[in-house]
1. Enumerate the pairs (first residue in segment 37-61 and among the hydroxyl-bearing types (Ser, Thr, Tyr); second residue anywhere and assigned to a strand (DSSP E or B)) with beta-carbon separation below 7 Å, excluding pairs fewer than 6 apart on the same chain, so at least 6 apart or on different chains.
2. Can you name the residue in segment 1-10 that is part of a strand (DSSP E or B) and among the aliphatic types (A, V, I, L, M) and is also surrounded by the fewest Cβ atoms within 10 Å (Cβ to Cβ) among such residues?
3. Taking segment 11-25, which residues are surrounded by 11 or more Cβ atoms within 10 Å (Cβ to Cβ) and either outside any helix (DSSP H, G or I) or among the hydroxyl-bearing types (Ser, Thr, Tyr) (or both)?
4. Return yes when ALA28 is among the aliphatic types (A, V, I, L, M) and either exposed (fewer than 11 other Cβ atoms within 10 Å of the Cβ) or touching a residue at least 24 places away in the same chain (Cβ under 8 Å) (or both) and no when it is not.
5. Are any residues in segment 59-70 more than 11 Å from the chain's Cα centre (by Cα) and not β-branched (Val, Ile, Thr), and if so, which ones?
6. Looking at this structure, is ALA38 surrounded by 11 or more Cβ atoms within 10 Å (Cβ to Cβ), in a strand (DSSP E or B), at negative phi and at pLDDT 95 or above?
7. For residues that are in a helix (DSSP H, G or I) and either of a type in the set (S, T, N, Q) or at positive phi (or both), tally how many sit in segment 41-54.
Amino acid sequence: MSDTTLQVLINQAPHTLPTGATLADAVALAGIQPPFAAAVNLQFVPRGQYAQHALKQDDHIELIAPITGG
């Protein structure tokens with residue numbers, strides 16, 4: 001592990017981000033398109049806080065898109 005990178009899980013897949021990365025950076029890396037909801041370590045994060053939500057080593061990020069139909 002390096003002091004300049006973070007290892008995180010995005011939807012159970014390992015990813016490397018730079019130290020100081022935010023949830024917005026993780027969303028951009030994942031390439032998911034709205035609408036979706038985001039949670040870090042099972043805690044919902046409102047869309048307006050993605051750029052301020054700093055990530056930490058080994059955070060578990062879930063990006064969940066709604067499923068339509070029935």
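1. TYR50/THR22; TYR50/ALA38
2. So, considering only residues that are part of a strand (DSSP E or B) and among the aliphatic types (A, V, I, L, M), the one surrounded by the fewest Cβ atoms within 10 Å (Cβ to Cβ) is LEU9.
3. Result: ASN11, HIS15, THR16, LEU17, PRO18, THR19, ALA21, THR22.
4. When the stated conditions are applied, ALA28 does not pass them.
5. If the condition is that a residue be more than 11 Å from the chain's Cα centre (by Cα) and not β-branched (Val, Ile, Thr), then ALA65, PRO66, GLY69, GLY70 are the ones that fit.
6. yes
7. Total satisfying the criteria: 1.
The values are calculated or read from the model by the stated rules, or taken from the named source; none is laboratory data. Only a predicted model underlies this, so the values are computations on that prediction, with no experimental measurement involved. Please note: Cβ atoms are built from the backbone with ideal geometry, for glycine as well, and neighbour counts cover all protein chains shown.
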